[in-house]
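Asker: Here it is, the structure, as structure tokens.
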Amino acid sequence: MEIVAGDIGGTHARFALATVDGGKVASLDQIVTLRTADFSRLDMAWAAYAGRVGRPLPRSLSLAVACPVAGETLKLSNNPWTIRTAEIGAALDIDTVLLLNDFEANGHAITGLAAGDLTHVSGPRVPLPAKGVISLVGPGTGLGVAYVVRSEAGDYVAACEGGHIGYSPRDPVEDAILGQLRPHHGRVSVERIVSGPGLLSIYETLAALDGRSAEIRDDKLLWQAAAEGTDPLATAALDRFCGMLGNVAGDVALVHGAAAVVLVGRLANELPQHLLTSSFASAFAAKGRLAPAMDRTPVFLATHSNLGLLGAAVAFASR
């Protein structure tokens, strides 16, 4: 059976033709990435995708969206689109729709990944556990969180809004970062810091603490400078970002009682070398009396290029 798999985030809308057979995904083809800013509604992006494919689309859709999937109206967390669930079929001229949270889709995908699609980040070098909880953490436009409960009865995947928990600073520098953000947001959630836009806040705070003005004001240029090492302060901000990501991932693992953690998403995949050389691992494990247990928790980076699309297709196939 052929379906369309979709993954709608804050910045990009991705679609693919997926072939599902016997409860599994046989292939992902005709993968197209669109910028959500170029379209005001889902049906417009759908029409653009159909134009790229060049033939009538399948009449079944499995759609992962970056927001809680509840109620009649879905409001994307970092995207102005609004999706009315009862109108999707008519708007897209399809018969079957499966809606799921984007990080729930990621959870469906990771349990079937090959070893080559997982890069070890910290903790023991062991395979993903066959039993217990696996936490997913993914910095992007926002911060996504989900978990998978693995047991002999099968895998249970659940989305959650862990990106909106409050950030717990580790030192005076992070106190200062929160102090900069609090006048703008009041309560500062972790995704205000550990996300794409968060790097600029870290960079500006480090500049202020160093008694100088921030020279880079553009978010994309800052990430580029940090990754390429062309600006020492930007690189320092990225190092701090990785440590703060480790801190958050460790907190999520504690809340979930995780046997392993998997980092997912485009942003995390741009950071593999920085993660390995930064304070990520030490920040992840620095949980006081539970530090020994955290040292025994493996952390991986999922490197599959279309994890959300794969997960949407896996979720459809499994049902």
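The values are calculated or read from the model by the stated rules, or taken from the named source; none is laboratory data. Not measured: the values here are computed from a predicted model. All Cβ positions, even for glycine, are placed from backbone atoms using ideal geometry, and neighbour counts span all protein chains on display.
Asker: Just one of 252, 248, 262 is modelled with pLDDT of 95 or more and outside any helix (DSSP H, G or I); which is it?
Answerer: That would be 262, the only listed residue that is modelled with pLDDT of 95 or more and outside any helix (DSSP H, G or I).
Asker: Now for a separate question. For residue 272, indicate whether it is more than 24 Å from residue 66 (Cβ to Cβ) and either in contact with a strand residue (DSSP E or B) (Cβ under 9 Å, 6 or more places away or on another chain) or not polar (S, T, N, Q) (or both).
Answerer: Criteria not met by residue 272.
Asker: Considering every residue within the stretch 117-129, establish whether at least one is surrounded by 14 or more Cβ atoms within 10 Å (Cβ to Cβ), touching a Pro at 6+ places or on another chain (Cβ under 9 Å) and part of a helix (DSSP H, G or I).
Answerer: Within the stretch 117-129, not a single residue is surrounded by 14 or more Cβ atoms within 10 Å (Cβ to Cβ), touching a Pro at 6+ places or on another chain (Cβ under 9 Å) and part of a helix (DSSP H, G or I).
Asker: Pick from 190, 173: which is modelled with pLDDT of 95 or more, surrounded by 13 or more Cβ atoms within 10 Å (Cβ to Cβ) and closer than 30 Å to residue 108 by Cα?
Answerer: Criteria check complete, one pass: 190.
Asker: Within the stretch 133-149, can you find the residues that are over 11 Å from residue 196 (Cβ atoms), in contact with a Gly (Cβ under 7 Å, 6 or more places away or on another chain) and of a type in the set (A, V, I, L, M)?
Answerer: Correct list: 133, 136, 145, 146, 148.
Asker: Within the stretch 37-60, identify whether any single residue is under 19 Å from residue 265 (Cβ atoms), under 23 Å from the mean Cα position of the chain (by Cα) and either modelled with pLDDT under 95 or assigned to a strand (DSSP E or B) (or both), and answer yes or no.
Answerer: yes
Asker: Select from the stretch 301-315 the residues that are more than 19 Å from residue 137 (Cβ to Cβ) and β-branched (Val, Ile, Thr) and list them in ascending order.
Answerer: 314
Asker: When residues of the stretch 265-303 are filtered for being part of a helix (DSSP H, G or I), at negative phi and among the small types (Gly, Ala, Ser), how many remain?
Answerer: Residues meeting the conditions: 7.
Asker: List pairs: first residue in the stretch 127-139 and not assigned by TED's automatic domain parsing to the domain that holds residue 271, second residue of a type in the set (Ser, Thr, Tyr) and not in a loop (DSSP other than H, G, I, E, B) anywhere in the structure, Cβ distance under 8 angstrom, at least six positions apart or on different chains.
Answerer: Listed by first residue and then by second, the contacts come to 131/151; 133/147; 134/147; 135/147; 136/147.
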